[in-house]
1. I need the full set of residues from the stretch 243-266 which are open to solvent by 20 Å² or more (accessible area, probe 1.4 Å) and part of a helix (DSSP H, G or I), in order please.
2. If you take just the helices (runs of 4 or more DSSP H) that sit entirely in the stretch 140-241, which of them hold at least 3 residues that are in contact with a Gly (Cβ under 8 Å, 6 or more places away or on another chain) and modelled with pLDDT of 85 or more?
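The values are calculated or read from the model by the stated rules, or taken from the named source; none is laboratory data. Every value quoted in this text rests on a predicted model; they were computed, and no experiment measured them. A quick note on method: Cβ atoms are made from the backbone with ideal geometry, for glycine too, and the neighbour counts reach across all protein chains shown. We work out accessible area using only protein heavy atoms, side chains counted, and drop any ligands, DNA or RNA first. Shrake-Rupley method; radii C 1.70, N 1.55, O 1.52, S 1.80 Å.
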Amino acid sequence: MRTAIVTDSNSGIFEVEGQKLGVFVVPMPVQLHGEIYYEGRNITHEEFFRHLNRHESISASQPALSDVLDLWDKLLGEYEELVYIPMSSGLSGSCQTALGLAQGYKGRVQVVDNHRISVTQRHAVLDAVTLQKQGYSARQIREILEKTAYHSLIYVGVNTLEYLKGSGRVTPAAAALGTVLNIKPLLVIQGERLDVYAKMRGTKNCQRRLIAAMREYADKLCHDGTQLQIGAAGSFQKTEDAIRWETMVREAFPEDTVHYDPLTFSIACHVGPDAFGIGISSHVRCVR
């Protein structure tokens, strides 16, 4: 069967890279002052962070239904079926929306509730491509990805608590105290749960603690020979800061291939500027 693989841009995969990977991408918009913007199309990196730093009204938004349906319909004119891998249902309503839309396609559209986002969502997409090339059907790919969904972990360090305050993750008093004391929260995401793992003083201490926690997690997974997928990410405003973080992660995992992605605008508006993270997933061929 000819099976198309589809994801959204919160995986860190955009159209140009998607063409190289054989993956089709639904763009994830952000809303600014009531207007919809798409990363790289009608809002630049510099413009986005200028608005974000001013604490203007900017938020993530679900993809337009027309964007999703138009892409599905186009692909189903060329392929027999498709697998759609959106961001975690626990972090956005877009997955539930897609599940509802898929009911009208009589099984030709398989929506994966993969409980992942960002770099680990990318890992799921790459696993889907591997399974597609091995001849698995859309339904089989969905079942495997959902079975292995929780074989991944993300740690994220944020530069300021202000954006978490806006999403209700911390109280205004805690955010104010954190700013005064230079406290940086380290967050852990596994599935749809986002929790505070630790609170460190200073960005460098937070980065070191994050790497140590991920190194420990990777060592636990590797004891039986499990192959890992490792991704680094960040919402850095300056290229040199992104390169510095990517270098730190690569040095911490010298035996592995590390992929770096900038955090998409629809994620960055939640964690704020200059956030940094690592995601690790077990390769699907080793855990299914």
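1. Once the filter is applied, which keeps residues that are open to solvent by 20 Å² or more (accessible area, probe 1.4 Å) and part of a helix (DSSP H, G or I), the stretch 243-266 yields 243, 244, 246, 247, 248, 250, 251, 252.
2. So the answer is 203-222.
To keep it simple, each residue is scored yes or no on (1) of a type outside the set (Phe, Trp, Tyr); (2) over 23 Å from residue 97 (Cβ atoms); (3) out of contact with any Leu (no Cβ under 9 Å at 6 or more places or on another chain).
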{"residue": "4", "(1), (2), (3)": "yes, no, no"}
{"residue": "8", "(1), (2), (3)": "yes, no, yes"}
{"residue": "17", "(1), (2), (3)": "yes, yes, yes"}
{"residue": "20", "(1), (2), (3)": "yes, yes, yes"}
{"residue": "24", "(1), (2), (3)": "no, no, no"}
{"residue": "30", "(1), (2), (3)": "yes, no, yes"}
{"residue": "34", "(1), (2), (3)": "yes, no, yes"}
{"residue": "41", "(1), (2), (3)": "yes, no, yes"}
